[in-house]
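See below for the structure under consideration.
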Amino acid sequence: MIDAMLRGTYDRVRLFHVRLAFSEDMESVGKFALRKVWILLTTIVRIWIARLRYRTPVLYYPPSGPNKVPVLRDIILLNAVRWMFRRTVFHFHAGGVSGFAPQLPEPLRPFFRMAYRKPALAIRTAPQNPEDGKALGAVHDVVVPNGLPDMRGRVPERERGPGEPLVILFCGVLIPSKGVRVLLDAFVRIVQQGVDARLELMGKWGDDDFKREIEDAVMANGVRDRVMFHGVKRDEEKWTVFAGCDIFCFPSWFEAESFGLVLVEAMMFAKPVVTTIWRGIPSVAQDGVNGYTVAVRDPAATADRLLRLAHDPALRQRMGLEGRRIFEERFTLERFHRNMEDALARCANTIEKE
């Protein structure tokens, strides 16, 4: 989403980018590495240089989620650079960092407060997310939903034909808190109740132990020929997988979840969704409208909603079309750009009036 923001065209703000390239992939996110120390130091210097070169008065920064290593990185970086800027904007793509201070050693807590204290503007992706900005004393707090470019029509869309299995898709990092095991258990339940279905999982494994656990469960439940692991797909390959499913299922309770952008990707292709009541997800998935929301860690409820959609093609179509309507109304890239410009311009205008 930061890349999408940077690619926007704006009339009232100018953006100067210093890339935060600490992690090469999801396996390294939240983990310490010596190379990250060097990247941190050079990033601080690059921010200093950019501040002097462009004379921008506002620092835009995406704080980490509630994880120790990224929080320590934020503490060092923000305390090293915030003093140079008149205002700071925090954009919480991950949620929950404001409550992390008690998990730090006592000597670090003052530096935590100094790093995150009183931003001029806090941006959340959904109203249901933790009020990190408010907890940190933000002067202004706004909600800006994420948005995507419309990719529908660029890849062929599959329609389930007679005798073809129902395709249920998951997309995300394959880790426990994304609900992968919950989804597998729910899938086994609907197969046992006679549904001819195939489960497709797209994304990278978080670690080898969890991969073995899921693969063993697939074998033990006799669904090996019904479960497909796509791995990581990008661009047209990714959109083709989305366009080829019948239902998108995302039973996440991921610790830093704030929005569930993959749900919007499914809605873009008019797919009904089954997901969880967790953080900002209900701002995207409306229960009984464009799909169903259930409690976290509940394979029985997940299976029940999948069964409802599996047995009712008209319901799948109606909910899918409603999801498409919601996407066009609220989650396009153009609307995201307008909302971000409005928020950032208000912050800049405040400085000009001082």
- Kindly list the number of the only condition in (1) surrounded by fewer than 22 Cβ atoms within 10 Å (Cβ to Cβ); (2) free of Cβ contacts under 8 Å to residues at least 40 places away in the same chain that fails for PRO282. (2)
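With the condition kept exactly as written, say whether any residue in the range 210-220 is assigned to a loop (DSSP other than H, G, I, E, B), surrounded by fewer than 22 Cβ atoms within 10 Å (Cβ to Cβ) and either charged (D, E, K, R) or in contact (Cβ under 8 Å) with a residue 12 or more places away in the chain (or both).
Applying the first criterion (assigned to a loop (DSSP other than H, G, I, E, B)) to the range 210-220 yields none.
Within the range 210-220 (the criterion being assigned to a loop (DSSP other than H, G, I, E, B), surrounded by fewer than 22 Cβ atoms within 10 Å (Cβ to Cβ) and either charged (D, E, K, R) or in contact (Cβ under 8 Å) with a residue 12 or more places away in the chain (or both)), the answer is no, since none of the residues qualifies.
Among the strands (runs of 3 or more DSSP E) confined wholly to the range 85-196, which include 1 or more residues that are more than 24 Å from the chain's Cα centre (by Cα) and at negative phi? Even if it seems obvious, please write down each step before you answer.
On the way: elements: 87-92, 121-124, 140-143, 166-171.
Output list reads 87-92, 166-171.
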- Query: When GLU255 is evaluated against the numbered criteria (1) surrounded by fewer than 17 Cβ atoms within 10 Å (Cβ to Cβ); (2) of a type in the set (Asp, Glu); (3) touching a strand residue (DSSP E or B) at 6+ places or on another chain (Cβ under 6 Å), which criterion, by number, is the only one it fails?
  - Reply: (3)
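Those residues that are touching a strand residue (DSSP E or B) at 6+ places or on another chain (Cβ under 6 Å) and crowded, with 18+ Cβ neighbours inside 10 Å, I need them from the range 143-174; list them, please.
Of the residues in the range 143-174, the ones touching a strand residue (DSSP E or B) at 6+ places or on another chain (Cβ under 6 Å) are 143-144, 147, 165-171, 174.
Result: VAL144, GLY147, LEU166, VAL167, ILE168, LEU169, PHE170, CYS171, LEU174.
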- Among (1) surrounded by 14 or more Cβ atoms within 10 Å (Cβ to Cβ); (2) farther than 19 Å from ASP141 by Cβ; (3) not aliphatic (A, V, I, L, M), ARG82 falls short only on (2)
- Say we look at the range 221-237 and pick out the residues that are in contact with a helix residue (DSSP H, G or I) (Cβ under 8 Å, 6 or more places away or on another chain) and surrounded by 14 or more Cβ atoms within 10 Å (Cβ to Cβ); which of these is farthest from VAL182 (Cα to Cα)? LYS233
- How many residues are under 17 Å from the mean Cα position of the chain (by Cα) and not in a loop (DSSP other than H, G, I, E, B) when one looks only at the range 281-292? 3
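Any read-out appearing in this document is the output of simple, stated calculations on the displayed coordinates, not a laboratory observation. Quick caveat: nothing in here was measured; it's all calculated off a predicted structure. No Cβ is skipped: glycine too gets one built from the backbone with ideal geometry, and neighbour counts run over all protein chains shown.
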